[in-house]
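Colleague: Take this structure, written in structure tokens, and hold onto it; I'll ask about it next.
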Amino acid sequence: MIPELMLMSMLMNPDTNKISSAQTIKEQPAVSKTLDENTEEPSYIQLFMISKNLKSIKKDDKKNQKMAENVINDFSSRISDEKQFLKWVELPSNQLEVKNGKSHLDEIYAQALTLKSRKTKTERPLVILGIGGSKHTAEFLLNMNGVGNKGKVYFYSDIDPVSFNNFLKEVNRPVQDLNFLVVSKSGTTFETKDAFVRFEEMLVDYYKKLGQDENQAYKSAQKHFAICTDKTPTEKNLRGKIGLKNGQNNNYIKELYIHDGVGGRFSMFDDAGLFAIAYAGVSKENAKRILKSAEKASKISLSTDLEVNKAMKSAVFNIYSEKNGFHLTQQQYFGKLFEGGGENWIKQLYLESLKDFDFNASKAPDSMHYASESFFFPDNRDDYHVVMTLMNPAISPNYSKYTLAILASYTETVPVKVEVLDVVGNSISPEAIGDYIQTKHFEILYTGMMRRENAKIKQGKYLPEVFQPNVEVYKNKFKPKSPYELKPGI
């Protein structure tokens, strides 16, 4: 058993030499190096902890290294192919790229400022309309930046009148004192389209009552909306209906894009998420720091050196846990900064990508009683491995001891991964946000690929982890002439 003070020291100031001498931690390096040796202490670190009675990962080092090299090389060869849906790898760099004196990040912030300035006597909160990745990514990004639940940004994703009316009570403002961000690649996602139609019609009715004719009322209503959708216009999609350029044809703010090859769950750094934090008051400098950190994480995650590649080390740990019978993953986030968006985002990332349901995510301490009751039930303890995502434990003695006690309990019998994110003020540091999110994107892809590599199954033409064809099973039921055909706004 590791002495308590030693383990606490490791969590607060991880030291590779101390960790390597600890009895319950086997061979896995606790702190991932970076490719740049001059870099300061990493803002996102990993600890891999395995109890004494389990086989060491070290014994499979050569096999894991070879499989990892095969997977990383295969993955790297796919990135430039737009059909592979891996453009999220380069997205942070693309958002930062300067063209004609400004980056797309600059343009996003300018558009957020324009929408915010469209107000009368009161500041207008932003209501984001979207489901799945269009919601969870922005929600998590806001929370980690410490601006969630501040009355500046709300989310609406329901279709029933009870939820709609209760939402209006929650924001406690008339519709004319709200602005909206519509997030939908095609614009035909029913849940989002329904909300869009409802709110826009309410605004049109309001402006008609002020004496405006139909055309004027619609143009006034449009001033409340920013729309993030597919960049390529067609006759059927939303881009084809609203146009390409701000200030042309209508009053929507619309130079916001859902980039090709970026699935919803991989879109944390796409335009919608960045627009949300810009509107909520996160500085553009901090947004740049997030993107630069994510850009660096992409570079590290494509390295074939397992000593530096955090994403691949996590994938190896996931495969190790599955092979040793710990096929259920319990993901726990410790702190309100991870609440809501974090739980939902990680569930979507895991379940939609890996297509299985051996996964549970929760926010602690809220979940500790029911999670530990299930986890420590004798028939279950051999089934779980645990991922504990923490803020820097140095934030308080109680937080350190609390998370340490839980960690000590878990490591008695099971593999545990501890993820530690740095804190600045009352938020996760920009560097930790960028590194953590982009590394997780790679980890989940590598886990699926390593499963096949380990089973000696050839990687297919496309990686199933980035596609979601089965979602269409229910969506197809709503098409025109179907008995379940839906009409938005009723």
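Colleague: Need the failing condition index for S163 against (1) assigned to a helix (DSSP H, G or I); (2) modelled with pLDDT of 95 or more; (3) buried (at least 16 other Cβ atoms within 10 Å of the Cβ), just the number.
Modeller: Among (1) assigned to a helix (DSSP H, G or I); (2) modelled with pLDDT of 95 or more; (3) buried (at least 16 other Cβ atoms within 10 Å of the Cβ), S163 violates only (3).
Colleague: Pairs only if they're at least six apart or on different chains, beta carbon under 7 angstrom, first in the range 101-129 and in contact (Cβ under 8 Å) with a residue 24 or more places away in the chain, second in a strand (DSSP E or B) and among the charged types (D, E, K, R); list them, first residue then second.
Modeller: E107/E255; Q111/E255
Colleague: Further, regarding this structure: Grab the helices (runs of 4 or more DSSP H) fully contained in the range 262-354, keeping just those with 2 or more residues being under 22 Å from E453 (Cβ atoms), of a type in the set (A, V, I, L, M, F, W, C) and touching an Asp or Glu at 6+ places or on another chain (Cβ under 7 Å).
Modeller: In the range 262-354, the matching helices (runs of 4 or more DSSP H) lie at 310-323.
Colleague: Moving on. Determine which single condition E343 fails, assuming it passes every other condition in (1) within 15 Å of the chain's Cα centre (by Cα); (2) touching a residue at least 24 places away in the same chain (Cβ under 8 Å).
Modeller: Tallying (1) within 15 Å of the chain's Cα centre (by Cα); (2) touching a residue at least 24 places away in the same chain (Cβ under 8 Å), E343 fails exactly one: (2).
Colleague: On to the next question. Do you know which of the residues in the range 189-224 that are more than 24 Å from the chain's Cα centre (by Cα) and among the aromatic types (F, W, Y) is surrounded by the most Cβ atoms within 10 Å (Cβ to Cβ)?
Modeller: Once the filter is applied, the top-ranked residue is F199.
Colleague: Considering the range 174-193 alone, what residues qualify as being closer than 19 Å to T122 by Cα and either modelled with pLDDT under 95 or of a type in the set (D, E) (or both)?
Modeller: D177
Colleague: OK, next. Taking the residues in the range 370-409 that are part of a loop (DSSP other than H, G, I, E, B) and at pLDDT 90 or above as candidates, determine which candidate is nearest to A432 (Cα to Cα).
Modeller: N392
Colleague: Which of the residues belonging to the range 346-362 are acidic (D, E) and in contact (Cβ under 8 Å) with a residue 60 or more places away in the chain?
Modeller: E352
Colleague: Could you run through the range 82-112 and say how many residues are part of a loop (DSSP other than H, G, I, E, B) and in contact with a strand residue (DSSP E or B) (Cβ under 7 Å, 6 or more places away or on another chain)?
Modeller: The qualifying residues number 1.
Colleague: Just to be sure I understand the filter: pairs with C-beta atoms under 8 Å, separated by 6 or more residues or on different chains, first member in the range 368-380 and in the same structural domain as A405 (by TED's automatic domain parsing), second member part of a loop (DSSP other than H, G, I, E, B). Which pairs pass?
Modeller: If the second residue must be part of a loop (DSSP other than H, G, I, E, B), the pairs left are S374/N380; F375/R381.
The values are calculated or read from the model by the stated rules, or taken from the named source; none is laboratory data. Keep in mind it's a predicted model, so treat the numbers as computed, not measured. Because the Cβ atoms are built from the backbone with ideal geometry, glycine has one as well, and the counts that use them run over all protein chains shown.
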